[in-house]
Amino acid sequence: MEKQTQTEAESTSGVFADCQLGAGFDEEFFLLNFGTRLLTAFTDREILIDIALETLADFSQGKRIAIMSLDEQNKTLEIDGVFFQRQSSRPQMSFPVEKTVAGKWMSQKTVGVAPLILEGEVPLPAESGRPEDSQCLCLPLIGSSFRPVGLATIEIPAGRCFDFFEAQQLRVLSTALAVSLENTKLFSRVIHDSLTNLYTRRFYEIRVEEEIAKLRRNSGRLSIILFDLDQFKNINDSFGHLTGDEVLRQFAALMLDHVRKGSTLISRYGGEEFILLMPDARVEEALRLAERIVSLCASHEFGDGRRKIQMTVSGGVAFTDHTEAVSQTELFERADQALYEAKHSGRNRVVVWKNISAPYRM
C-alpha cells in the first residue's frame, strides 16, 4: 500500500513538476479541511453535487466543472452536474468509458491535465489539442477499495500551473467526493423502497417526527394523506403478484407526477398503503391533492402490457398545527380512521378527519 501511494504521488508530481509550492499553506489547509468536511456532511445526492461543484470551482478556479458517475455496469459515465458561470445544471447526458480518453484517465487513477474537448458545457479530456487552447484537468473519483466511481473534469486556461500541494488538495477533495457519492448511493438504497422507489415507512417516521418537533418550536401546520388501493388483493389473486407489483409501481409513478416537488414526501407505508407528508400544508390543500390523485387513479389504465386493469384508491386526510402538535402516532390514527370511513362508505373517495371519534366525508 505504501508503494502504491508513493507511485501515485510521483505520477501527480510529474504532471505538475515545474511548479513551486504556493504561499498561504495554513489558509489553504484550513480551506481544504473545511471543504472535505462539507462534502462528507450530506446524504442528499443533489445537495452533495451542488456543494462539490462549487468547492471544486473555488479550489481550481476553473471555467467549467463537471462531475460524472459510473453506471452500475461500469460502462457509461453519467453527468451528475455541471458548473458554469456560477450556475449549476444537470444535463441529461452520458458518455462511454471503454476505449475513451475519459476511461483512460479513470483507469490511471491519478490527477492530471489533458487536451480539452467540450460537449455542450461539459469539459472532457481529448487525445490532442492546440497548446494555446484551454485544457482539461482530470480528477478520477476513487472510492473505497481503490475503485473508480466516476470522474470530475475542469476546464482550465492553457498554461495554468498547479503546484504539488494544489494537486494533493484536489486529490483529497476528489477522494472525499468519491466516498460521499458512494455513501449517498447506500443511503438512497436504505431510505427508498426497492419496488416503487418511494421513500420507506421508516424514513417517513423519521421525517414526520422532525416536522412535529418543528411545530412545537414554531408556528405552522402539517397534513398527511393515507392512501390504500381498493381491493388490491383481487389483482394478486387474479393476475399474479408480478402484475400486482407493476400496478404498485405505476400508482407510485402517478403520485410522483402530480405532487409538488420538494414539498411533499411520498412513502410506501406497507403493502398497498402509501402515505404523503405535507409540511406547512393546510388541510384544504391536502384534500385537493388527495381528490386529484383519487380521480386520476380511477381514470388511469394500469397493467403489465398484456392486460389493462382498472383500479381505484381511497384516502384519509389528517392534520395538526402548532396549537396541538400531536404525536406522530395520533396523527396517523386520524388518517387511518378517515381512511377506514372512506373504505366503508363506498371506496374511491377521500375522507377528512374531524375528530378522533368521528371522521367525516367532505
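So, in the range 191-239, of the ones that are of a type in the set (Ser, Thr, Tyr) and under 25 Å from LEU296 (Cβ atoms), which residue ends up surrounded by the fewest Cβ atoms within 10 Å (Cβ to Cβ)? Spell out the reasoning first.
Step one: list which residues in the range 191-239 are of a type in the set (Ser, Thr, Tyr), which gives 194, 196, 199-200, 204, 219, 223, 238.
Retained after the next criterion (residues that are under 25 Å from LEU296 (Cβ atoms)): 194, 196, 199-200, 204, 223, 238.
Numbers: SER194: 8, THR196: 21, TYR199: 20, THR200: 18, TYR204: 24, SER223: 27, SER238: 11.
Restricting to residues being of a type in the set (Ser, Thr, Tyr) and under 25 Å from LEU296 (Cβ atoms), the top hit is SER194.
From ARG288, ARG292, ARG347, ARG307, which residue is at pLDDT 95 or above, in the same structural domain as LEU229 (by TED's automatic domain parsing) and farther than 29 Å from ILE191 by Cβ? Give the steps one after another, and end with the answer.
On the way: ARG288 fails: farther than 29 Å from ILE191 by Cβ; ARG292 fails: farther than 29 Å from ILE191 by Cβ; ARG307 fails: at pLDDT 95 or above.
Just a single option satisfies the conditions, and that option is ARG347.
Can you spot a residue in the range 87-103 that is closer than 20 Å to VAL179 by Cα and not hydrophobic (A, V, I, L, M, F, W, C)?
Yes; the residues of the range 87-103 include at least one that is closer than 20 Å to VAL179 by Cα and not hydrophobic (A, V, I, L, M, F, W, C).
Could we say that ALA114 is under 17 Å from ASP71 (Cβ atoms) and crowded, with 17+ Cβ neighbours inside 10 Å here? Break it down stepwise before answering.
Working: under 17 Å from ASP71 (Cβ atoms): no; crowded, with 17+ Cβ neighbours inside 10 Å: yes.
The answer is no for ALA114.
Among the residues of the range 58-108 satisfying the criterion of being part of a helix (DSSP H, G or I) and either touching a residue at least 40 places away in the same chain (Cβ under 8 Å) or of a type in the set (Lys, Arg) (or both), which is surrounded by the most Cβ atoms within 10 Å (Cβ to Cβ)?
Step one: list which residues in the range 58-108 are part of a helix (DSSP H, G or I), which gives 58-60, 101-108.
With the extra rule that they be either touching a residue at least 40 places away in the same chain (Cβ under 8 Å) or of a type in the set (Lys, Arg) (or both), the set shrinks to 59-60, 102, 104-108.
Working: PHE59: 18, SER60: 21, ALA102: 21, LYS104: 14, TRP105: 22, MET106: 24, SER107: 11, GLN108: 14.
Checking each candidate, the answer is MET106.
Listed residues SER267, SER263; which is of a type in the set (Ser, Thr, Tyr), crowded, with 22+ Cβ neighbours inside 10 Å and either in contact (Cβ under 8 Å) with a residue 12 or more places away in the chain or on the phi > 0 side of the Ramachandran plot (or both)?
Working: SER263 fails: crowded, with 22+ Cβ neighbours inside 10 Å.
Matching residue, one of SER267, SER263: SER267.
For (1) basic (Lys, Arg); (2) closer than 15 Å to ILE224 by Cα; (3) touching a Phe, Trp or Tyr at 6+ places or on another chain (Cβ under 8 Å), each residue gets a yes or a no:
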site: VAL247; (1), (2), (3): no, no, yes
site: PHE251; (1), (2), (3): no, no, yes
site: MET255; (1), (2), (3): no, yes, yes
site: LYS261; (1), (2), (3): yes, no, no
site: ALA286; (1), (2), (3): no, yes, yes
site: ILE309; (1), (2), (3): no, no, yes
site: ALA338; (1), (2), (3): no, yes, yes
site: GLU341; (1), (2), (3): no, no, yes
site: GLY346; (1), (2), (3): no, no, no
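So, in the range 109-125, exactly how many residues are outside any strand (DSSP E or B), modelled with pLDDT under 90, in contact with a Lys or Arg (Cβ under 9 Å, 6 or more places away or on another chain) and of a type outside the set (Ser, Thr, Tyr)?
1
From the set of residues in the range 223-238 that are outside any loop (DSSP other than H, G, I, E, B) and among the charged types (D, E, K, R), which is nearest to ILE293 (Cα to Cα)?
Going through the qualifying residues, I end up with ASP228.
Can you tell me which residue within the range 307-358, out of those that are hydroxyl-bearing (Ser, Thr, Tyr) and under 32 Å from the mean Cα position of the chain (by Cα), is surrounded by the most Cβ atoms within 10 Å (Cβ to Cβ)? Explain how you work it out, then say what you get.
Kept after step one, since they are hydroxyl-bearing (Ser, Thr, Tyr), are these residues of the range 307-358: 312, 314, 320, 323, 327, 329, 340, 345, 357.
Still in the list and also under 32 Å from the mean Cα position of the chain (by Cα): 312, 314, 320, 327, 329.
On the way: THR312: 17, SER314: 26, THR320: 23, SER327: 12, THR329: 10.
Per the stated criteria, the residue is SER314.
The values are calculated or read from the model by the stated rules, or taken from the named source; none is laboratory data. Model, not experiment: these values are computed from the prediction. Neighbour counts are summed over all protein chains in view; Cβ atoms, including those assigned to glycine, are modelled from backbone coordinates with ideal geometry.
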